[in-house]
Each structure stands twice: as C-alpha cells, then as structure tokens.
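Remarks on the structure that follows.
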C-alpha cells in the first residue's frame with residue numbers, strides 16, 4: 001500500500017494530546033465555577049485522549065471526581081438535571097448579554113438559532 005492510499009489523520013497526536021489537557025483544565029474549572037459547564041469539556045478531553053493517549057484516557061475515566069461524568073455520558077448519554085439547568089441558563093444569559101451589545105440583527109438571529117438548537121439538545125437528553 002502506497003503512502004497515498006493510507007488514510008490521513010486529521011489531527012496529529014501531539015495536538016490532540018495538548019487540546020485534551022486544555023479541555024481537562026477547562027472541565028475542572030467548570031466543576032468549580034458556578035456558571036461554566038465542566039462536563040462537556042471533560043467529555044471532549046476524553047475524546048482527545050482516546051485518539052492520542054490511551055493512558056491518559058484511562059486516567060481521566062478512572063478519576064474519582066472527573067471520571068463519573070464522562071462514564072455517565074458514554075454509557076447512557078445522560079446529563080444531570082442541575083447541569084441541564086446551568087447549561088440552559090448560561091445560554092439564556094449569554095444571549096441576553098449579546099442583545100446588550102451592538103451586534104447586528106443577523107448575528108442575533110444566528111446566535112438565537114444556535115442556542116435554541118443547543119438548548120433543545122441538552123433538554124432532550126435523559127437525566128442522570
């Protein structure tokens with residue numbers, strides 16, 4: 001098989017590894033800070049580590065404080081009720097703040113559509 005026939009990786013492993021650590025840091029911050037979601041960043045970190053470092057993926061999934069969030073998502077796709085409220089509330093607050101800026105109407109409409117779609121997805125997930 002020639003080099004041209006081999007599938008190409010979109011992201012190099014070192015980049016995925018670094019992004020995984022950035023997501024882990026954001027996830028930890030999100031578990032501490034009241035308005036910042038943490039679980040989504042931990043899920044993204046686990047995805048990055050699964051493609052760059054199985055050792056760190058195992059560490060994250062096995063961590064006593066961080067792992068349960070990732071495992072719950074992988075097993076059932078569920079989101080805790082408190083996390084749903086925080087996520088949807090953060091989206092509403094973000095949109096309200098955006099309306100207080102000089103953003104053009106098209107930006108408000110596109111943002112509203114994206115946030116409504118995101119909120120609908122979060123609300124539709126089973127509860128943990």
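So here's what we get for this one:
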read-out	value
Single residue of the range 67-101 satisfying the filter (under 16 Å from the mean Cα position of the chain (by Cα) and not in a helix (DSSP H, G or I)) that is surrounded by the fewest Cβ atoms within 10 Å (Cβ to Cβ)	77
Test for residue 108: is it in a helix (DSSP H, G or I), in contact with a helix residue (DSSP H, G or I) (Cβ under 8 Å, 6 or more places away or on another chain) and under 23 Å from residue 32 (Cβ atoms)	no
Neighbours by Cβ (under 6 Å, 6+ apart or cross-chain): first from the range 81-96, more than 14 Å from residue 126 (Cα to Cα); second not in a helix (DSSP H, G or I)	87/37; 90/35
Unique residue being out of contact with any helix residue (DSSP H, G or I) (no Cβ under 7 Å at 6 or more places or on another chain), outside the structural domain of residue 25 (by TED's automatic domain parsing) and more than 24 Å from residue 27 (Cβ to Cβ) when the list is 86, 97, 116	116
Single residue of 35, 71 found to be at pLDDT below 95 and under 20 Å from residue 126 (Cα atoms)	71
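Rundown of residues vs (1) closer than 26 Å to residue 21 by Cα; (2) modelled with pLDDT of 90 or more, yes/no style:
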| site | (1), (2) |
| --- | --- |
| 64 | yes, yes |
| 79 | yes, no |
| 84 | yes, no |
| 105 | no, yes |
| 108 | no, yes |
| 115 | no, yes |
| 126 | no, yes |
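The values are calculated or read from the model by the stated rules, or taken from the named source; none is laboratory data. All values reported here derive from a predicted model rather than from experimental measurement. We place every Cβ from the backbone using ideal geometry, glycine too, and count neighbours over all the protein chains shown.
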